[in-house]
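The values are calculated or read from the model by the stated rules, or taken from the named source; none is laboratory data. Worth saying up front: this structure is predicted, and the values here are computed from it rather than measured. Methodologically, a virtual Cβ is constructed for each residue, glycine included, from the backbone with ideal geometry; neighbour enumeration extends over all protein chains shown. Ligands, DNA and RNA are excluded from the accessible area calculation, which covers all protein heavy atoms including side chains. Shrake-Rupley method; radii C 1.70, N 1.55, O 1.52, S 1.80 Å.
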Amino acid sequence: MKRRVASLCRPACGALLIGALVHATVSIAGIDQPMDEATARAMLNRFGYGADRASLKATTGMTPRHYLDRAIRARPAYPAALNAQLATSPAAQPLERLWPLYGPGGSERLDKPAAKQPPGSDTPRSQREVDGRQMLVAASTDRLLESANSDSPGHEALLNFWLNHFSIHGLKQINKFLVADYTRQLQRAMREDSFAALLKASFFHPAMQIYLDNNRSVAADSRFAQRAERMGKQLGINENLAREMLELHTLGIDSGYTQADVQALARIITGAGVLNNRLPERVVSAPGAERIGYFFFDPNRHDFGEKRLLGRTYPGGHGIDEIRQALDQLASHPKTAEHIAGKLARRFLADEPPPNVVKAMTAAYRHSGGRVSATLAPLLDSPAFAASLKHLTKFKEPVDFVLSAARAACDGQVIGNGQLLWRSAQDQGQAPFMRSTPDGYGSQESDWLSPPAMAKRIRLAQTLSSRPVPLAISADGKDFTACRPDIATVRVAVGHLNPETRAALAGLSPQEEMTALLASPEFMHR
């Protein structure tokens, strides 16, 4: 059996002939053409986390444009049992309740006595650290559960794309307490159908300010730095956030910006940071100061000199308004259009998308003022996209595989065991909010395809098909129940098989066939 499964996986390990698929003669699905069952299944894998019978029925007959519009603009719905579970999650607590406790200057002190010692460790953890890790894991598991159970799979796929694009590391300082709210803010911004809105939601959130150390950035000639110098402290500008905004969030690494542009942007965004609970009201409400949630702009830390960013001069004497102007400048830059279009195409079309598709997406971004739906429309309407849905070309990332395998095994049951999903995603290297570098997780085959990674996927496929796994949640939301996949539902989830796979399945028992299907080249791709 193991040899049979391994033989099915070999095609997934080879290079994909994308160019041949793009130029093949195929029927064009079209963005306004109702999807048949095969196209709907492929769409649920490409802009979602796999098909089950209910989602396949709901998506068949829908047009790609409707699917996309719903993904961006509509609020997703989750099963009642999952909503009840999410409501009791530690990550459900609003930031208004958490910040007075855990934010800078909060009542939960860093030196509070240790709560417990982790097994096998000589280092005790403070109660604050225990609370933070519990909050972070809860936010991560909640994101996986929402992605697995949403009635709008496209919404979850796009939201996770933007969370990865504007990636933060949950283990950085107090970000353990902030990632859930960060997710909610980006989700709210996504409904505005504007890249600029997403950029601003990320920038003006304390999680991003903390992650890339901009809360520590102080203009050398500012009032704050001068007071610190009199006390023997040397403060200065931190360029981390400015550099990553140019390299990763907007223009892209090969876009032609210079070190002078990094320095100018770093000067522009001085004063941006987070609210300290111990700041006196006279500082919070001082002229030029501004609070946005728990983001705080402090004019005492800002560089009020003249700057020049990407050919545009910013006159001296301005505060937070020049930050907003710079964000708009970056969002509307032609190189940002090209960068975002290319990244969307690589995630949702191919590792090496056709240049003509990226060019059309770039033009749509620019003409629409950065609307995400407009940028994606040429992709969904392209012959290359139609071809890719008929011949699956994108290797599934670990979270794609874990969630689609769980959905195939549970087939409509409410997936509620977030810890099991989280451990599987963590084991395969893609747990939400755990990427330590700001580039986010990769979306290319080369990022994830290796013999050890394939072995982990095969083991998960064997586990899900060989014994009842307590993945689902009971109707009252109190207990986990087993998902008991049958061969018919797994066949529906996997869909069309190539002749080689069909031949390899001949003579297998239903249980062996389920394992082989979940480890097949067809299921490994989306």
Rounded to the nearest percent, how much of the accessible area of region 382-425 (1.4 Å probe, protein heavy atoms only) is carbon and sulfur?
55
Using only the alpha carbon atoms of region 268-339, find the Kirkwood hydrodynamic radius as the inverse mean reciprocal pair distance, in angstroms to one decimal.
13.4
Nearest-0.05 FRET efficiency for Ala260 and Ala58, computed from C-beta distance (R0 56 Å):
0.60
Ranked order, His367, His249 - accessible area, probe 1.4 Å, largest first
His367, His249
Cβ-Cβ cut-off under 14 Å around Gln444, Lys and Arg +1, Asp and Glu -1: the net charge is -1
Heavy atoms of Arg502: accessible area, 1.4 Å probe, square angstrom to 10:
120
Using the crude model of +1 on Lys and Arg Cβ and -1 on Asp and Glu Cβ, and no other charge, please compute the dipole size for region 56-111 relative to its Cα centre, in debye to 20.
440
With θ taken as phi - 60° and the coefficients 6.51, -1.76 and 1.60, list the Karplus ³J(HN,Hα) couplings across region 286-297 in order, rounded to whole Hz; mark glycine and proline as x.
5, x, x, 6, 8, 10, 10, x, 10, 6, 9, 9
Gyration tensor on Cα atoms of region 301-365, a ≥ b ≥ c root eigenvalues, a/c under 1.5 rounded, else prolate if a/b beats b/c, else oblate, says prolate
Cubic angstrom per residue, convex hull over Cα atoms of region 161-291
135
Backbone HN-Hα couplings from phi across region 62-73 [Karplus 6.51/-1.76/1.60, Hz, Gly and Pro as x]
7, 8, x, 5, 5, 4, 5, 4, 5, 4, 8, 9
Rg/Rh ratio calculated on Cα atoms of region 392-520 (Kirkwood radius)
0.98
Search the structure for amide H atoms under 5 Å from the amide H of His525, placed 1.01 Å from N in the peptide plane, and list their residues when 5 or more places away or on another chain.
Lys396
C-alpha long axis of helix 418-427 to longest principal axis of the chain, angle in °:
90
Long-range HN-HN contacts of Leu309 with modeled amide H, under 5 Å
Tyr314
By the C-alpha gyration tensor axes a ≥ b ≥ c (rounded if a/c is under 1.5, else prolate when a/b exceeds b/c, else oblate), the shape of region 183-250 is prolate
Out of residues 5 or more away from Gly50 or on other chains, whose amide H comes under 5 Å of its own, with H placed 1.01 Å from N in the peptide plane?
Asn45
In percent, how large is the relative contact order of the chain, given Cα pairs closer than 8 Å and 6 or more residues apart?
22
Per-residue HN-Hα couplings for region 461-475 [Karplus 6.51, -1.76, 1.60; θ = phi - 60°; Hz; x = Gly/Pro]
4, 5, 4, 5, 9, 9, 7, x, 10, x, 8, 8, 10, 5, 4
Could you order His169, His318 so the one with the most accessible surface comes first? Probe is 1.4 Å.
His318, His169
Surrounding net charge for Glu192, when Lys and Arg each add one and Asp and Glu each subtract one, Cβ distance under 10 Å:
+4
Exposure of Val399 as accessible area (Å², to 10), given a probe of 1.4 Å and all protein chains:
20
Please give the net charge around Gly305, taking every other residue with its beta carbon less than 9 angstrom from that of Gly305, where Lys and Arg add +1 and Asp and Glu add -1.
-1
Quotient of C-alpha Rg and 2.2 N^0.38 Å, computed over the chain:
1.03
